[in-house]
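Asks: Handing you this structure, nothing more for now.
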Amino acid sequence: MELRHLRYFVAVAEELHFSRAAKRLNMSQPPLSQQIAALESELGLKLLDRDKRNVSLSKAGDIFLNRARMILASADEAIDEARRVDRGYEGKIVVGFMSAVMLVRLSEFLTEFHALSPTAEVDLRQMQSNAQYMAVINGEVDVGFVDIAVGSMGNVFEATELNVTLALHERLVLCVGATHALADRKSIAMRELADIAFITLTRQTFPSFFDTFLHLCQKSGYNPHIAQQVESMPVAVALAGAGFGVAVVPALSISGVHAENTRFIEIEDEAFVDIYLISRSANRTGLVQRLREICEGRVTAISD
């Protein structure tokens, strides 16, 4: 028995007329009569009482009609739900991100995402970039926001397994304590920081960011004096604010800090860090595609 057989029966049962039912189904009457007869034969019972003039439901047919309607309605709902998931309106998406500070920017993406897919469930998971790569490849995470360019992890994975989309092009700023000698500066060049003690994010946690910071220092003619390395942007900001050193951090860190003992100074050099959205190439679900389109749209808007 197939769903089409149920649809044939329901049409005849509701019309109680084979010709009208056939017209409703956009088919001729003889094949419809044959299909109903085949259904009754398969079930081993009579669903319809019919003579040359009238068609009526048997007792078994009346009960079967109710069940058939329920089955067809359930099938239609399943098809509709599957289509909505495929188009990115419903379902669940697991999103990886590097730091709590990133939630400031991530919430902007998710606000737009929620407006387009209000019934979708979002599962946020904080993970280091390298862990996100493996989680995405293994299917544990659908998408990840990472700061590693594809290829920087050597042969750990095949880059062709991933789709990569630029999500954020974030300016770097200098974070200092309110009593630091530089606290009143509006801007500063990296070359002026040669003798300053830095608090940095570890390369293991933020590899691309760390390499960018190191490159900025070396381009300015020195290797930085790193007093302490930490695994969290908020920790780096807190230590800088407390006077343990200065920290170069993404500008998004400013939005998450309201401490009176912290100041942020613009860096005059071309100092940016890129955050990428990654997903498996084989993962073409609607929700993943929708989030990628949002990222692409925001980056395009910024570049324009």
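The values are calculated or read from the model by the stated rules, or taken from the named source; none is laboratory data. All values derive from a computational prediction rather than experimental measurement. Quick reminder, even Gly has a Cβ in these numbers, built from the backbone with ideal geometry, and neighbours come from all protein chains shown.
Asks: Taking the stated definitions as given, is PRO207 surrounded by 15 or more Cβ atoms within 10 Å (Cβ to Cβ) and modelled with pLDDT under 90?
Replies: yes
Asks: So which residues in the stretch 159-209 are under 22 Å from the mean Cα position of the chain (by Cα) and assigned to a strand (DSSP E or B)?
Replies: LEU162, ASN163, VAL164, THR165, LEU166, ALA167, LEU168, HIS169, GLU170 - these are the residues of the stretch 159-209 that are under 22 Å from the mean Cα position of the chain (by Cα) and assigned to a strand (DSSP E or B).
Asks: If I filter the stretch 56-64 for residues that are at pLDDT 90 or above and either within 41 Å of the chain's Cα centre (by Cα) or basic (Lys, Arg) (or both), do I get at least one hit?
Replies: Within the stretch 56-64 (the criterion being at pLDDT 90 or above and either within 41 Å of the chain's Cα centre (by Cα) or basic (Lys, Arg) (or both)), the answer is no, since none of the residues qualifies.
Asks: Filtering the stretch 115-131 down to residues that are over 13 Å from the mean Cα position of the chain (by Cα) and touching a residue at least 40 places away in the same chain (Cβ under 8 Å), which residue is surrounded by the fewest Cβ atoms within 10 Å (Cβ to Cβ)?
Replies: ASN130
Asks: Which of the following residues is in contact with a helix residue (DSSP H, G or I) (Cβ under 6 Å, 6 or more places away or on another chain), modelled with pLDDT of 90 or more and farther than 30 Å from GLY286 by Cβ: ARG67, ARG24?
Replies: ARG24
Asks: Could you list all residues from the stretch 132-145 that are in a helix (DSSP H, G or I) and without any contact (Cβ under 8 Å) to a residue 24 or more places away in the chain?
Replies: Listed by number, the list holds a single entry, MET134.
Asks: I've got another one for you. Any residue in the stretch 92-114 that is within 17 Å of VAL136 (Cβ to Cβ) sitting within a Cβ distance under 7 Å of a residue that is among the charged types (D, E, K, R) and not in a strand (DSSP E or B)? List the pairs, counting only those 6 or more apart or interchain.
Replies: ILE93/ASP142; VAL94/ASP142; VAL95/ASP142; MET98/ASP147
Asks: Regarding ARG263, is this residue out of contact with any Pro (no Cβ under 8 Å at 6 or more places or on another chain), of a type outside the set (A, V, I, L, M), over 27 Å from GLU293 (Cβ atoms) and surrounded by fewer than 18 Cβ atoms within 10 Å (Cβ to Cβ)?
Replies: Spelling it out, it is not the case that ARG263 is out of contact with any Pro (no Cβ under 8 Å at 6 or more places or on another chain), of a type outside the set (A, V, I, L, M), over 27 Å from GLU293 (Cβ atoms) and surrounded by fewer than 18 Cβ atoms within 10 Å (Cβ to Cβ).
Asks: Of everything in the stretch 211-247 that's touching a strand residue (DSSP E or B) at 6+ places or on another chain (Cβ under 6 Å) and without any contact (Cβ under 8 Å) to a residue 40 or more places away in the chain, which residue is surrounded by the most Cβ atoms within 10 Å (Cβ to Cβ)?
Replies: Here the residue is PRO224.
Asks: Now a separate question. Does the stretch 210-231 contain at least one residue that is in contact with a His (Cβ under 6 Å, 6 or more places away or on another chain), in the same structural domain as ALA178 (by TED's automatic domain parsing) and not in a loop (DSSP other than H, G, I, E, B)?
Replies: Among the residues of the stretch 210-231, not one is in contact with a His (Cβ under 6 Å, 6 or more places away or on another chain), in the same structural domain as ALA178 (by TED's automatic domain parsing) and not in a loop (DSSP other than H, G, I, E, B), which makes the answer no.
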